[in-house]
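Reviewing the structure listed below.
The values are calculated or read from the model by the stated rules, or taken from the named source; none is laboratory data. From a predicted model like this one, the values you see are computed outputs, not experimental measurements. With ideal geometry, Cβ positions are generated from the backbone for all residues, glycine too; neighbour counts draw on all protein chains shown.
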Amino acid sequence: NAGVMQNPRHLVRRRGQEARLRCSPVKGHSHVYWYRQLPEEGLKFMVYLQKENIIDESGMPKERFSAEFPKEGPSILRIQQVVRGDSAAYFCASSPSPTSQGRNTEAFFGQGTRLTVV
Amino acid sequence: SQQGEEDPQALSIQEGENATMNCSYKTSINNLQWYRQNSGRGLVHLILIRSNEREKHSGRLRVTLDTSKKSSSLLITASRAADTASYFCATVIGGRSKLTFGKGITLSVRP
């Protein structure tokens, strides 16, 4: 009964390359959230997706960043033309229902992908 | 600006002692959650308290919520070296589903 699986755990990209981060939620969870954590900082919300739909992308930079959660397969966070400032740990979380409603509002987090841009 | 602000930023205690960590927030919340993060790892959910609740217990953890003061506290009793980690409070506001995190508290428990 696997939890949230993220891969890769570590990713090194040169400036200008693309980074693709994958997240497989807990089986049966249809709500996925992406967060970014800079060193010595808390997590900052990026985007909330529910199967095939972007519900809230208020934390996503306007350019170069995109996210999807297709009907089949993992959620993908894509960063195009990476810059040094994109270096951070990116965490994915999933929940069986929105974290604002109902009884099952706990979010389960993956181990994160640590992106280093050189 | 941060919705959740934890206090203190760092805490060092002896094994067996109690650890108290505080979190203050700015706007009305739906619920407040505490998470633990071990170095280099993901976050582990510890406990959730809803806006209409005042206190919750889970094992050695006790969480209180004072909505009039917009603050919460996490108490870890009889601490262990394995409790060494960063602790974050996160709030859920209204109908929004995102968690808004504070910067965290670094807890060190000396054996």
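Overview of values
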| read-out | value |
| --- | --- |
| Candidate set from the range B:8-44 (those that are without any contact (Cβ under 8 Å) to a residue 24 or more places away in the chain and in contact with a strand residue (DSSP E or B) (Cβ under 6 Å, 6 or more places away or on another chain)); member that is farthest from B:E55 (Cα to Cα) | B:G42 |
| Whichever residue in the range B:54-66 is assigned to a loop (DSSP other than H, G, I, E, B) and out of contact with any Ser or Thr (no Cβ under 6 Å at 6 or more places or on another chain) and, among such residues, is farthest from the other protein chains (Cβ to nearest Cβ) | B:R54 |
| Residue match in the range B:65-72 (condition: under 24 Å from A:Y90 (Cα atoms) and within 10 Å of the chain's Cα centre (by Cα)) | no |
| Residues (under 14 Å from the mean Cα position of the chain (by Cα) and more than 24 Å from A:H29 (Cβ to Cβ)) located in the range A:68-86 | A:D86 |
| Number of the condition not met by A:F65 [criteria: (1) away from every other protein chain (no Cβ under 14 Å); (2) in contact with a strand residue (DSSP E or B) (Cβ under 6 Å, 6 or more places away or on another chain); (3) on the phi > 0 side of the Ramachandran plot] | (3) |
| Filtered residues of the range B:1-36 (kept if touching a helix residue (DSSP H, G or I) at 6+ places or on another chain (Cβ under 9 Å) and within 14 Å of chain A (Cβ to nearest Cβ)) | B:R36 |
| Residue that is nearest to the chain's Cα centre (by Cα), among those in the range B:81-111 that are in a strand (DSSP E or B) and away from chain A (no Cβ under 14 Å) | B:L107 |
| Residue that is farthest from the other protein chains (Cβ to nearest Cβ), among those in the range A:83-105 that are assigned to a loop (DSSP other than H, G, I, E, B) and at pLDDT 95 or above | A:V83 |
| Search result, residues across the range A:1-13 that are loosely packed, with under 13 Cβ neighbours inside 10 Å and not in a strand (DSSP E or B) | A:N1, A:A2, A:R9 |
| Selected residue (criterion: surrounded by the fewest Cβ atoms within 10 Å (Cβ to Cβ)) from residues of the range A:36-47 that are more than 8 Å from chain B (Cβ to nearest Cβ) and either closer than 9 Å to A:A88 by Cβ or not aliphatic (A, V, I, L, M) (or both) | A:P39 |
| Strands (runs of 3 or more DSSP E) enclosed by the range A:14-60 - at least 1 residues per element that are closer than 17 Å to A:G112 by Cβ and either of a type in the set (A, V, I, L, M) or more than 14 Å from the chain's Cα centre (by Cα) (or both) | A:19-24, A:31-37, A:43-50 |
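Let's see how each residue does on (1) surrounded by 15 or more Cβ atoms within 10 Å (Cβ to Cβ); (2) within 14 Å of chain A (Cβ to nearest Cβ); (3) part of a strand (DSSP E or B):
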position: B:G40; (1), (2), (3): no, yes, no
position: B:H45; (1), (2), (3): yes, yes, yes
position: B:N52; (1), (2), (3): no, yes, no
position: B:S68; (1), (2), (3): no, no, no
position: B:S79; (1), (2), (3): yes, no, no
